[in-house]
Structures are given as C-alpha cells and as structure tokens.
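See structure below.
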Amino acid sequence: MARRLTLALLACVSTALFAASAPGDAQPRPHPPTSDHVQRATERFLHSVDGRAARSGGTGGTGQGQGRDDSLFPEKRVVAFYGAPQMGATIVGRKSVRAAKRRLRQQARPYEDQGPVLRGFDLVAVIATADKGPGGKYRDRQSAGVIEEYYAAARALGGRLILDIQPERSTFIREVRALEEWVARPDVDVALDPEWNVGRKGVPGRTVGSVGAKTINRVSGYMDHLCKQENLPQKALVIHQFRQGSVRQRKRVEQRDKVDVTLNFDGIGSRAAKVHGYERLTREELFTGFSLFYRLDSGLMSPGQVLGLEPPPDFVLYQ
C-alpha cells in the first residue's frame, strides 16, 4: 500500500511538472520530456535571448574576489525559483528571464523582514528524459548557453545559481563533476533530485529513485575539497525529498566545513500535510529547505506561514 501511494505521488509530481498523461489512463504516469523536446526547447530559448548573458558579462571565473562574505546558512536565507526553460509547467519555464527576475524580487521581499535574503535560480542542469538519448542515460545535460543566461540573471539579483541534477541512469558525482566549470564559481550551488536517480537499470516513470548517505557525502566531499582548493566561499548542497525513502541512511549524512548540506522538503498538498511532512523529514544536524508549488499546492502558504515552520527553513523554493 505504501509503495502504491509513493508511486501515485511521484506520478502526480512528475506529470504536473512535465506533461499531462493520456486521456483515459487509470492512473497518471510520470512523463518526462523526450530528448528531442529538450533540444528543440533549448534552441527556441537560446534564439530568444540571443547571447544576452555573454554580452552583459555574465560569466565569471573562480575565486572569491567579488566583495562577498563567506557566510550562507543560517546567517542568510535563500529564496529561489525552480525549473528550466524546457519545463513549461515550472515557474522558470513559464516566464522569460526578465519576468522571472522581476517576480522573484517580489516573492523574496516579505522574507527580508526576518533577515538577509539571497535570491536564486534553481536551474535543472541535468534533465530527466523519456528516452535514452545520445548518451543512453535517460538524461540530457543543459546547454552551456542556458546555464550562462541564468547565471547572469542570478548575478544581476546579487544572488545565487543552484544547478539541479536529475541523473536517471547516470550518477550524481559524474554529473556534478561535469558541471565543475560552474560549480567552481563562488555563487553557484548544487541540488540533487533523488526522485530521478533510478540506477543503471531503472526506467523513468516506473522506478522510484532515492539516494544514500554515501553518495551525498561523496558529492559534498568533492564540493568541500573544491571550495578549499579554489579558496571559494561557502556553498550549499540541497537534497530534495518528498518521502521518507528519498534519502536513505539519513543519520549518516555529514555536514561539511565549506558546504551547507540541506534537506529540502519537496512535497505537494495542503498546508497541514506539508507542515507534517517537513517536520517529519527534517534532521536537526542539517540545514532545512521547503518547496512551494504555485499551481499544485492546495492553498499556497504565505511567507509568514513558511517562516512560522519549526525550524524556519534556510532555503525556500518556489516551483
């Protein structure tokens, strides 16, 4: 029974974020985009922005010399928008870069009453796909041009870019290493999406993904080493979770000197259900995150209600 409920919730989330299931289905099924859809959507997006990030000097090197201090959580709170231009049901996919920046400023403002806030874009940098694609891994890596565009947008807001990974049959550490050019920048963080970590033989829509503490610790250790090697300020590693089984051996997940490991509650539902899920899946030794879904939650919680959670989340994500 528990597995059927988990699959139903996974189907609901995935279907809503990517595409509707076919009419007449007994149950909705997860339906990520095809690799061809991702490619076409990428081309349309890049054509619409026409290299604006490069012209505005959006790229940046490694090192700390940007007048930023080292602190992240808990001294500051991150309020971010989630998605990708290829994912039309997400807030990032529904809005142009300019409109998303404007809306994010408005959304983050109420949180500023409770302390410093960093605005951010949680960009899906490795996208789960319905087919194996050229690499045979059921995932498509985001175009460098798309990443640079949202990196420039995050910098324009004085905020952060979070690179979100849906690895499918690849691995988290392989995909994080492939993104090192951006992870080595002082204002870029990483998010892991265990829902789409299906293993070498998993099938999108059939396999409910998860991640173990060993993998999380390997990724955070890599990031910690990179920060120390490149003299980078503090970074965040966000792990999304919508059920107990999303993160295995959670008591073994380690906190790092230079990496703020953060468990983000990613459940959809009513306020009461979300509060219960957040409290149940929070671990005291780690930082906390909370997701809100503009179109899927049953009554979107206000910033005041979010800040009233115990403990108040360090990372707030709008989808």
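The values are calculated or read from the model by the stated rules, or taken from the named source; none is laboratory data. Every value quoted in this text rests on a predicted model; they were computed, and no experiment measured them. Because the Cβ atoms are built from the backbone with ideal geometry, glycine has one as well, and the counts that use them run over all protein chains shown.
With respect to the stated conditions, Asp140 fails to be of a type in the set (D, E, K, R), touching a Leu at 6+ places or on another chain (Cβ under 9 Å) and buried (at least 23 other Cβ atoms within 10 Å of the Cβ).
Take Asp187 and decide whether it is under 19 Å from Ala80 (Cβ atoms) and at pLDDT 95 or above. Walk me through it before giving the result.
On the way: under 19 Å from Ala80 (Cβ atoms): yes; at pLDDT 95 or above: yes.
The answer is yes for Asp187.
Consider segment 280-292 and keep the residues that are surrounded by 13 or more Cβ atoms within 10 Å (Cβ to Cβ) and without any contact (Cβ under 8 Å) to a residue 40 or more places away in the chain. The one that is farthest from Val92 (Cα to Cα) is Arg283. For beta carbons closer than 6 Å, sequence separation of 6+ or different chains, a first residue in segment 211-226 that is over 17 Å from Ala184 (Cα atoms) and a second that is aromatic (Phe, Trp, Tyr), the qualifying pairs are Thr215/Phe172.
So, of the residues in segment 230-257 that are among the polar types (S, T, N, Q) and surrounded by fewer than 22 Cβ atoms within 10 Å (Cβ to Cβ), which turns out to be nearest to Arg218 (Cα to Cα)?
Narrowing segment 230-257 to residues among the polar types (S, T, N, Q): 231, 234, 241, 244, 246, 249, 255.
Now narrow it down to the ones that are surrounded by fewer than 22 Cβ atoms within 10 Å (Cβ to Cβ): 231, 234, 244, 249, 255.
Values: Asn231: 20, Gln234: 17, Gln244: 21, Gln249: 14, Gln255: 12 Å.
If we take residues in segment 230-257 being among the polar types (S, T, N, Q) and surrounded by fewer than 22 Cβ atoms within 10 Å (Cβ to Cβ), then Gln255 is nearest to Arg218 (Cα to Cα).
Out of the residues in segment 125-154 that are free of Cβ contacts under 8 Å to residues at least 40 places away in the same chain and part of a helix (DSSP H, G or I), state the one that is farthest from the chain's Cα centre (by Cα). The extreme case among them is Ala144.
When you scan segment 297-319, how many residues do you find that are among the hydroxyl-bearing types (Ser, Thr, Tyr) and surrounded by fewer than 16 Cβ atoms within 10 Å (Cβ to Cβ)? First the steps, then the outcome.
Within segment 297-319, the first condition is being among the hydroxyl-bearing types (Ser, Thr, Tyr), and the residues that meet it are 298, 302, 318.
Adding the requirement that they be surrounded by fewer than 16 Cβ atoms within 10 Å (Cβ to Cβ) leaves 298, 302.
Within segment 297-319, residues that are among the hydroxyl-bearing types (Ser, Thr, Tyr) and surrounded by fewer than 16 Cβ atoms within 10 Å (Cβ to Cβ) number 2.
Would you confirm, using the coordinates I've provided, whether Leu286 is farther than 18 Å from Pro74 by Cα, out of contact with any Gly (no Cβ under 8 Å at 6 or more places or on another chain) and not small (Gly, Ala, Ser)? Please lay out each step first, then the result.
Values: farther than 18 Å from Pro74 by Cα: no; out of contact with any Gly (no Cβ under 8 Å at 6 or more places or on another chain): yes; not small (Gly, Ala, Ser): yes.
So Leu286 does not fit the description; no.
Restricting to segment 116-130, what's the tally of residues that are over 7 Å from Asp164 (Cα atoms), modelled with pLDDT of 95 or more and among the small types (Gly, Ala, Ser)? The qualifying residues number 1.
Residues in segment 155-202 that are closer than 22 Å to Thr42 by Cβ, basic (Lys, Arg) and within 15 Å of the chain's Cα centre (by Cα): 0 in all. Those helices (runs of 4 or more DSSP H) of segment 167-240 in which 3 or more residues are basic (Lys, Arg) and over 22 Å from Leu317 (Cβ atoms) occupy 213-229.
Taking segment 260-319 as the region of interest, how many residues are of a type outside the set (Phe, Trp, Tyr) and assigned to a loop (DSSP other than H, G, I, E, B)? Counting residues in segment 260-319 that are of a type outside the set (Phe, Trp, Tyr) and assigned to a loop (DSSP other than H, G, I, E, B) gives 24.
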